[in-house]
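Participant: One structure is given below, represented as structure tokens, and several questions about it will come after.
The values are calculated or read from the model by the stated rules, or taken from the named source; none is laboratory data. These figures come from a predicted structure and were not determined experimentally. Here the Cβ positions follow ideal geometry from the backbone for every residue, glycine too, while neighbour counts run over all protein chains shown.
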Amino acid sequence: MSDFDSSDTVRCRWSIGSTSNINGYDECAAVCSGVPGAILYSDNCTLVFTLTQASMCVAVALQIEDFYTTTSPTPMSSVPIQFLFYGYIASSGCSTPPAIIGSRPNRACIGTPIGSTVNELVIVQVYCSGTSIVDFITSSPVGLTKSLYQIVLSWIPTADQVGPQGFCAGAIDNTTVQFNRWCITFLVGYNSPDLIRATSIQGTASPIGTISSNQTTFSIHATNTVNRPPRNSTNVYFNDAATNTSVYTIDCGYDAHVIYTGNTIVFYIPSPPWIPGHSYYVTFDSEPESSPISDPTFWTFDIWDSAASSTTATTTTRPQSTTPVNTLVIRIDFINFRI
């Protein structure tokens with residue numbers, strides 16, 4: 001689920017087979033409660049169920065609704081969605097489903113200007129010996145074309161498609177094992193924000209220059225307004241360059257230590273893990289996805305190493321430029337912030 005107005009609250013519910021609902025008509029007719037025992041989590045529209053019979057279809061009828069606030073009793077709109085699940089008997093051998101791989105994670109959101117050419121590559125990998133992909137099940141925006149087995153998305157969005165446009169796919173192998181649904185959203189009419197290169201002390205990125213090992217606050221400016229992403233696991237990783245492992249991770253989906261204010265993103269690290277003499281870099285993933293930045297000079301600052309720069313007791317002059325310092329490099333690989 002998504003809404004072009006990021007301040008709205010979006011939920012889903014079961015369709016109601018009477019005229020007592022907000023729409024005033026029978027929303028599901030013969031397919032109301034089509035999945036026996038299913039549990040629906042309305043906040044993220046997750047459906048949990050177990051099919052008890054094979055070789056038959058069950059119908060799902062839902063309403064997607066957006067509200068002005070989380071406490072608003074009446075939705076501003078209510079959109080129906082109906083689809084089928086088909087039950088099959090899993091093969092007795094390897095039952096690991098195929099997986100969709102590539103640069104886009106499930107539920108990614110991509111800013112897409114009107115009239116731009118969209119090209120995306122979706123590749124499926126199988127894990128069971130002797131299996132192959134026989135079909136893709138997809139739903140996509142009007143005008144988007146694809147090939148049969150390796151999905152090559154090609155699309156030019158038009159002005160009447162402004163807003164979120166979803167593409168979903170599921171792969172089926174020759175043993176009828178199906179991959180879980182994989183979806184991405186094209187946010188038509190929106191240019192993804194990009195981070196602005198640091199140009200001066202306390203300018204577009206902070207800090208730069210020489211800082212202490214107890215530095216806790218970092219911030220950077222974007223070209224557009226940024227807000228908290230709607231999905232969790234959209235992380236910022238502070239990585240030690242010596243080991244290429246994360247020393248601190250912030251989940252931008254819920255962590256209160258990430259603050260979005262206008263075009264600025266502020267990161268607060270309550271217990272800084274910086275080690276004098278080490279270099280670090282930061283990687284991002286969030287949404288909508290913007291262009292990657294891998295330039296190690298994009299945002300840099302130095303961690304002061306008092307042991308390496310110590311002087312004698314009689315020396316009172318400022319350390320010269322030859323004094324060793326240890327550079328902490330912030331390398332932004334993927335900048336994917338949501339409007």
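Participant: For region 50-75, enumerate the residues that are over 27 Å from Asp8 (Cβ atoms) and out of contact with any Phe, Trp or Tyr (no Cβ under 8 Å at 6 or more places or on another chain).
Facilitator: Once the filter is applied, which keeps residues that are over 27 Å from Asp8 (Cβ atoms) and out of contact with any Phe, Trp or Tyr (no Cβ under 8 Å at 6 or more places or on another chain), region 50-75 yields Thr50, Thr52, Gln53.
Participant: Which of the strands (runs of 3 or more DSSP E) contained wholly in region 198-267 include at least 2 residues that are in contact with a Lys or Arg (Cβ under 9 Å, 6 or more places away or on another chain) and modelled with pLDDT of 85 or more?
Facilitator: In region 198-267, 258-261 are the strands (runs of 3 or more DSSP E) which contain 2 or more residues that are in contact with a Lys or Arg (Cβ under 9 Å, 6 or more places away or on another chain) and modelled with pLDDT of 85 or more.
Participant: On to the next question. Just to be sure before I move on: is Arg104 part of a strand (DSSP E or B), among the charged types (D, E, K, R) and within 28 Å of Gly253 (Cα to Cα) in the structure I sent?
Facilitator: Judged against the criteria, Arg104 is not a match.
Participant: Across region 27-63, what is the total count of residues that are without any contact (Cβ under 8 Å) to a residue 40 or more places away in the chain, under 19 Å from Cys183 (Cα atoms) and not in a strand (DSSP E or B)?
Facilitator: 2
Participant: Could you check how many residues of region 106-142 are surrounded by fewer than 16 Cβ atoms within 10 Å (Cβ to Cβ) and under 26 Å from the mean Cα position of the chain (by Cα)?
Facilitator: Adding up the residues that qualify gives 14.
Participant: Among the listed residues Ser42, Ser2, Ser78, which satisfies the condition of being at pLDDT below 85 and touching a strand residue (DSSP E or B) at 6+ places or on another chain (Cβ under 8 Å)?
Facilitator: Unique residue meeting the criteria: Ser2.
Participant: Determine, yes or no, whether Ser72 is among the polar types (S, T, N, Q), assigned to a loop (DSSP other than H, G, I, E, B) and without any contact (Cβ under 8 Å) to a residue 12 or more places away in the chain.
Facilitator: no
Participant: Criterion first (of a type in the set (A, V, I, L, M, F, W, C), under 30 Å from the mean Cα position of the chain (by Cα) and over 30 Å from Trp155 (Cα atoms)) does Phe67 satisfy it?
Facilitator: So Phe67 passes the test.
Participant: Return yes or no: is Trp299 modelled with pLDDT of 65 or more, outside the structural domain of Pro164 (by TED's automatic domain parsing), surrounded by 11 or more Cβ atoms within 10 Å (Cβ to Cβ) and in contact with a strand residue (DSSP E or B) (Cβ under 6 Å, 6 or more places away or on another chain)?
Facilitator: Considered against the rule, which asks whether it is modelled with pLDDT of 65 or more, outside the structural domain of Pro164 (by TED's automatic domain parsing), surrounded by 11 or more Cβ atoms within 10 Å (Cβ to Cβ) and in contact with a strand residue (DSSP E or B) (Cβ under 6 Å, 6 or more places away or on another chain), Trp299 comes out as no.
Participant: Out of region 89-104, which residues are at pLDDT 70 or above, aliphatic (A, V, I, L, M) and surrounded by 11 or more Cβ atoms within 10 Å (Cβ to Cβ)?
Facilitator: Result: Ala99, Ile100, Ile101.
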